[in-house]
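I have placed the structure first, in the form of structure tokens, so that the comments after it can refer back to it.
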């Protein structure tokens, strides 16, 4: 249920995060049932033959294997809370798999003489099939006739990295897609999910390669650079997929330190062999909403940027309903704007962008002496945190058609957006809320 390859995700249109939550709660219920089963047997045995009878029973395979399986499940219960997953995800993941395999081994011995063994065998077979399927996907995207997957990593301000990937087997990119990335030289068994922030492997607008990065601290508001429409089929071989990764602990921290310390011919930039698995997601469209609000904090912007490009292109082509698009992005400092500068320059250069798109940037940790200046009326920079309730109420009053709200953020901002959406729904506003996150 917790695998990204779960076919029920698409069949039932239930998100991976929801299935992951169901996995955790059904697992907790199974553990409680195992504990209750063990306690009921123990109480009955003590009443019949005392603790000496319990001790004698433990010498039999049926009882000691069942007790060992229950003990393994209890350890999993205390090993799986979010605080452990956040502290060291790789330790949690592989420890979780090891504990499950050991517990299932004892459970196999416990059920060997019972018909319920068939359910355990079916569970193991499904899990093994899904793991093999995921490895096959990784191998298909990583290796091919035109070489192997490469990742060019560039260190950015704010302890972040821009990763540009090439794959021997590219695909046509859709907004909202994500992938799992592994860099073997940094961490062979560490696969982390990341939103794909940008790709030229589509058939929408694609700017020529002459776009240059600005050295200013705010985005330029230039709409005069040429835009090239479409991509030839043979150009798909050169398609790239870009991510923005925030350095934390584990693999991302090691990768950032290694790239940032590079003082070779291209300081702060390195190329690695990489393994990728995906794409996943991309089945959520914002094209049917007349008014769209996109909320993001930090690297959550990587999920929203592709939707902006898609909606602006669709507006010019007459293929989307969107007439008002608002991006609200909260970052700690103006240095974070560098993360998406090349892509934002392209977006700001799309025809008729001013008629549709409004961008509000909130700098949450700007000092009182730090100047905050808005580049234009449609790209505003504000000091402090966003007042989500006021922003959504103002947009609801002026909305065109249905209001679609998407949020990709940490708990605080996501909670505020969810709360504001509930209030609007209670006032009979036609609003849909879409939350994006990588649940562990």
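Every number here is computed from the coordinates shown, using simple stated rules; none is lab data. Model, not experiment: these values are computed from the prediction. Ideal geometry is used to build each Cβ from the backbone, glycine not excepted, and the neighbour counts take in all protein chains shown.
Can you tell me the length gained on complete extension of the stretch residue 390 to residue 426, counting 0.36 nm per residue apart and subtracting the Cα distance? Display every interim value, and only then the final one.
Details: separation 36, 0.36 × 36 = 12.96 nm, distance 1.56 nm.
Using 0.36 nm per residue and subtracting the Cα-Cα distance, I get 11.4 nm.
Between residue 398 and residue 47, what is 0.36 nm times their sequence separation minus the Cα-Cα distance? Round to one decimal in nm.
119.2 nm
How much of the DSSP beta bridge set in the chain is antiparallel, as a percent to the nearest 5?
55
On each of the three principal axes of the Cα atoms of region 1-44, give max minus min coordinate, whole Å, ordered largest first.
46, 14, 13
Compute the distance in nm between two label points, each set 7 Å from the Cα along the Cα-to-Cβ direction, one at residue 261 and one at residue 127.
3.8
I need the peptides 380-387, 290-297, 125-132, 166-173 ranked by packing, meaning the mean over residues of other C-beta atoms within 10 angstrom, with the highest value on top.
So the order, starting with the most tightly packed, is 290-297, 166-173, 380-387, 125-132.
Can you tell me the orientation of helix 61-79 relative to the chain, as the angle in degrees between its alpha-carbon axis and the longest Cα principal axis, to the nearest 10?
Once rounded, one gets 30 degrees.
Considering Cα pairs under 8 angstrom that are at least six residues apart, work out the relative contact order of the chain and quote it in whole percent. It would help to have the intermediate numbers written out before the result.
Details: 720 pairs, mean separation 62.7, N = 440.
Answer for the chain is 14 percent.
Let me have the 222 nm mean residue ellipticity of the chain computed from DSSP H runs of 4+ only, each contributing -39500 (n - 2.57), with the sum over all residues rounded to the nearest 500.
Value at 222 nm, helices only, nearest 500: -14000 deg cm²/dmol.
Sort region 291-435 into rounded, prolate or oblate with this rule: let a ≥ b ≥ c be the square roots of the eigenvalues of the Cα gyration tensor; rounded if a/c is under 1.5, and if a/c is not under 1.5, prolate when a/b is larger than b/c, oblate otherwise.
Oblate shape, in that a/c is at least 1.5 and b/c is the bigger or equal ratio.
Between rounded, prolate and oblate, where does region 240-302 land on the alpha carbon gyration tensor, with a ≥ b ≥ c its root eigenvalues, rounded for a/c under 1.5, else prolate if a/b exceeds b/c?
It comes out prolate by the Cα gyration axes.
State the Kirkwood hydrodynamic radius of region 8-114 in Å, one decimal place, computed from all pairs of distinct Cα atoms. Walk me through the numbers on the way to the answer.
Numbers: mean 1/r = 0.0638 Å⁻¹.
For region 8-114, the Kirkwood estimate is 15.7 Å.
Helix 117-142: angle to the longest alpha-carbon principal axis of the chain, degrees 0 to 90, nearest 10?
Approximately 30 degrees, to the nearest ten.
Label-point separation (nm) for residue 54 and residue 240, each offset 7 Å from Cα along Cα-to-Cβ?
About 6.5 nm separates the two model spin labels.
Compactness ratio of the chain: Cα Rg over 2.2 N^0.38 Å, N = residue count?
1.15
So if I take the alpha carbon set of region 275-341, get Rg, then get Rh from the Kirkwood formula, what is the Rg over Rh ratio? Write down the numbers at each step before the final one.
Working: Rg = 13.6 Å, Rh = 13.3 Å.
In region 275-341, Rg relative to Rh is 1.02.
Can you give the extra length, in nm with one decimal, that the chain gains between residue 8 and residue 117 once fully stretched, where that is 0.36 nm per residue apart less the Cα-Cα distance? Please report the intermediate quantities before stating the final value.
Values: separation 109, 0.36 × 109 = 39.24 nm, distance 2.45 nm.
Residue separation times 0.36 nm, minus the Cα-Cα distance, leaves 36.8 nm.
Relative to the first principal axis of the alpha-carbon coordinates of the chain, what is the inclination of helix 388-397, with its axis defined by its Cα atoms, in degrees from 0 to 90 and to the nearest 10?
Roughly 60 degrees, rounded to the nearest 10.
Per-residue counts of other Cβ atoms within 10 Å, averaged by peptide: what ranking do you get for 306-319, 24-37, highest first?
Numbers: 306-319: 19.6, 24-37: 14.0.
The most tightly packed comes first, giving 306-319, 24-37.
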